[in-house]
1. Would you mind stating whether Glu137 is of a type in the set (D, E, K, R), out of contact with any strand residue (DSSP E or B) (no Cβ under 6 Å at 6 or more places or on another chain) and at pLDDT below 95?
2. Give just the number: which of (1) hydrophobic (A, V, I, L, M, F, W, C); (2) at pLDDT 95 or above; (3) in contact with a helix residue (DSSP H, G or I) (Cβ under 8 Å, 6 or more places away or on another chain) does Ala251 not satisfy?
3. State all residues of segment 206-246 that are more than 28 Å from Ala139 (Cβ to Cβ) and either hydrophobic (A, V, I, L, M, F, W, C) or in contact (Cβ under 8 Å) with a residue 40 or more places away in the chain (or both); if no residue qualifies, say none.
4. Of the numbered conditions (1) surrounded by fewer than 20 Cβ atoms within 10 Å (Cβ to Cβ); (2) touching a strand residue (DSSP E or B) at 6+ places or on another chain (Cβ under 6 Å), Asp122 satisfies every one except a single condition; which is it?
5. Can you tell me which condition Asp115 does not meet? The list is (1) assigned to a helix (DSSP H, G or I); (2) surrounded by 14 or more Cβ atoms within 10 Å (Cβ to Cβ), and all the others hold.
6. Looking at (1) surrounded by fewer than 18 Cβ atoms within 10 Å (Cβ to Cβ); (2) part of a loop (DSSP other than H, G, I, E, B), find the lone condition where Asp94 falls short.
7. Yes or no: segment 196-203 includes at least one residue that is under 30 Å from Gly151 (Cα atoms), exposed (fewer than 14 other Cβ atoms within 10 Å of the Cβ) and either in contact with a Ser or Thr (Cβ under 7 Å, 6 or more places away or on another chain) or in contact (Cβ under 8 Å) with a residue 24 or more places away in the chain (or both).
8. If I go through segment 44-68 residue by residue, how many of them are more than 20 Å from Arg267 (Cα to Cα), within 12 Å of the chain's Cα centre (by Cα) and surrounded by fewer than 22 Cβ atoms within 10 Å (Cβ to Cβ)?
Amino acid sequence: MSLTAEYGALGLPVEARARAGASLETFFRELQPDWHSQWAWDNYENAVLALARRFGLKELCEIGGGRDPGFLPSNPALRGLSLTVNDIDQLELDFAPQGLKKARFDIAGDLSEPDARPGSYDLMFSRMVFEHVDGVEQAWRNIHALLRPGGVALCFFPTLYAPVFTLNHMIPERLSRRIVHALFPNRRDGGGDPKFPALYDWCVTSEARVKPMLAAAGFAEAHIQPFWGHGYFDRMPGLKQADHAFNRLAARLDWRLMTTYAFVAVRKAG
């Protein structure tokens with residue numbers, strides 16, 4: 001059964017389920033995520049929808065969705081939900097599919113832009129955005145301000161100090177861009193999937209480091225779901241298998257220094 005089907009068929013109205021002592025820890029325990037990051041890629045959209053159904057969240061905002069939002073306006077799974085797509089760049093929003101509400105503002109800015117409306121959203125989410133954000137602590141504070149009481153946010157991003165992302169962080173952006181284009185030849189800037197500079201500010205999975213920062217941003221609850229493994233060596237036999245074995249061991253040991261991706265979920269006090 002899919003995550004969406006499971007959380008849409010619990011036998012309770014959404015509002016009743018949200019009041020039934022739900023917590024982020026319980027939510028993720030019920031999802032039973034796999035250790036490998038492929039699970040995160042395969043289930044990200046369904047996890048967003050499951051959060052909406054589980055906690056009774058109706059007003060959604062995708063951070064940095066731009067030209068490539070996770071949901072199209074025709075998606076039947078959005079029935080009963082309202083979705084706004086955000087981006088810092090008007091050009092990216094111009095490429096977004098027609099029929100979506102759009103809001104241009106900098107998630108790490110001062111929220112002075114007209115489209116930034118504090119207390120407007122029940123659920124905010126992002127995919128492969130936070131590694132590009134300059135000022136992640138401010139971004140989390142802004143998310144707290146933009147959420148309504150009881151609101152939830154879910155951010156999916158790559159993490160340090162996995163070797164592939166540590167290398168991407170250390171080498172010049174021009175060289176990093178060439179490597180990505182060599183590994184993924186269909187990916188070209190100016191097309192459907194441009195590469196933006198990666199900063200990796202706060203892109204780690206250490207609970208001892210991250211949870212105090214999220215608490216300081218105002219959140220009453222936080223959950224960090226780590227993942228290991230990646231697809232960068234899929235076209236390199238031998239290296240692919242060795243890397244998979246290493247990441248499987250790191251996951252078994254819960255070695256957070258070697259995570260490759262994470263879901264970070266937070267909840268604002270109701």
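The values are calculated or read from the model by the stated rules, or taken from the named source; none is laboratory data. The model shown is predicted, which means the values in this text are computed figures rather than measured ones. Glycine gets a Cβ as well: all are built from the backbone with ideal geometry, and neighbour counts include every protein chain shown.
1. Working: of a type in the set (D, E, K, R): yes; out of contact with any strand residue (DSSP E or B) (no Cβ under 6 Å at 6 or more places or on another chain): yes; at pLDDT below 95: no.
The answer is no for Glu137.
2. (3)
3. Restricting attention to segment 206-246, the residues satisfying the condition of being more than 28 Å from Ala139 (Cβ to Cβ) are 233-246.
Answer for segment 206-246, where residues must be more than 28 Å from Ala139 (Cβ to Cβ) and either hydrophobic (A, V, I, L, M, F, W, C) or in contact (Cβ under 8 Å) with a residue 40 or more places away in the chain (or both): Phe233, Arg235, Met236, Leu239, Ala242, Ala245, Phe246.
4. Asp122 satisfies all of (1) surrounded by fewer than 20 Cβ atoms within 10 Å (Cβ to Cβ); (2) touching a strand residue (DSSP E or B) at 6+ places or on another chain (Cβ under 6 Å) except (1).
5. For Asp115, the exception is condition (1).
6. (2)
7. Restricting attention to segment 196-203, the residues satisfying the condition of being under 30 Å from Gly151 (Cα atoms) are 196-203.
Narrowing the set further to residues that are exposed (fewer than 14 other Cβ atoms within 10 Å of the Cβ) leaves 197.
Subsequent filtering for residues that are either in contact with a Ser or Thr (Cβ under 7 Å, 6 or more places away or on another chain) or in contact (Cβ under 8 Å) with a residue 24 or more places away in the chain (or both) retains 197.
Yes, the conditions are met somewhere in segment 196-203.
8. First, the residues of segment 44-68 that are more than 20 Å from Arg267 (Cα to Cα): 65-68.
If we keep only those that are within 12 Å of the chain's Cα centre (by Cα) as well, we get 65.
Remaining after also requiring surrounded by fewer than 22 Cβ atoms within 10 Å (Cβ to Cβ): none.
Selection size over segment 44-68: 0.
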